[in-house]
């Protein structure tokens, strides 16, 4: 199950039919500038497969993000990550370069944070390249604080974190 719709966005599970959109997104050097390198089409296909596996294994993953009229925006969601020997739930997102700066990452990430709370996740992190100011701003808008610096995903990363409220019963 994906997070609820927002005022502008719908999130849904990725499918193999999303390969063209996801391959274009993950191959864009502007979108992937804080990753070691943009991804190939084959890596994008593996990205989708990883998320399909995650949905079955954990009940969440990165979801495909679209505007309410069906325009592809990117992906956003929850993933399991290993940070300093701890299993953590991370919120992550990628937004098409031409759509950045409109608050779409924040809007989708807030829906994912709320979904994590509903799932009973108690702690949420974001793994962010220290130079990635836009992602640091999103993390702060999610109520996260810089917790530590770690080596993850091929380099030094800031780990932002927040404790989530216990959902009402």
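Brief remarks follow.
- Alpha-carbon centroid distance for the pair the stretch 89-139 / the stretch 33-70, whole angstrom: 14
- The protection proxy used here, the mean number of other Cβ atoms lying within 10 Å of each residue, ranks peptides 121-129, 70-78 as follows, highest first: 70-78, 121-129.
- Once C-alpha pairs closer than 8 Å and six or more residues apart are averaged by separation and normalised to the residue number of the stretch 71-119, the relative contact order reads 36 percent.
- The chain: C-alpha pair distances exceeding 26 Å, %: 21
- From most to least packed by mean Cβ count within 10 Å, the peptides 7-13, 143-149 give 7-13, 143-149.
- Listing 47, 63 from fewest to most neighbouring C-beta atoms within 10 Å gives 47, 63.
- Ranked packing of 91-98, 29-36, most packed first, by mean Cβ within 10 Å: 91-98, 29-36
- Its relative contact order, with pairs defined as Cα atoms under 8 Å and 6+ residues apart, puts the stretch 9-163 at 18 percent.
- DSSP bridge pairs, the chain: antiparallel proportion in percent, nearest 5: 95
Values in this text are rule-based calculations from the coordinates and carry no lab data. Everything numeric here is computed off the predicted structure, so don't read it as measured data. FYI the Cβ positions are ideal-geometry reconstructions off the backbone, even for glycines, and counts take in every protein chain you see.
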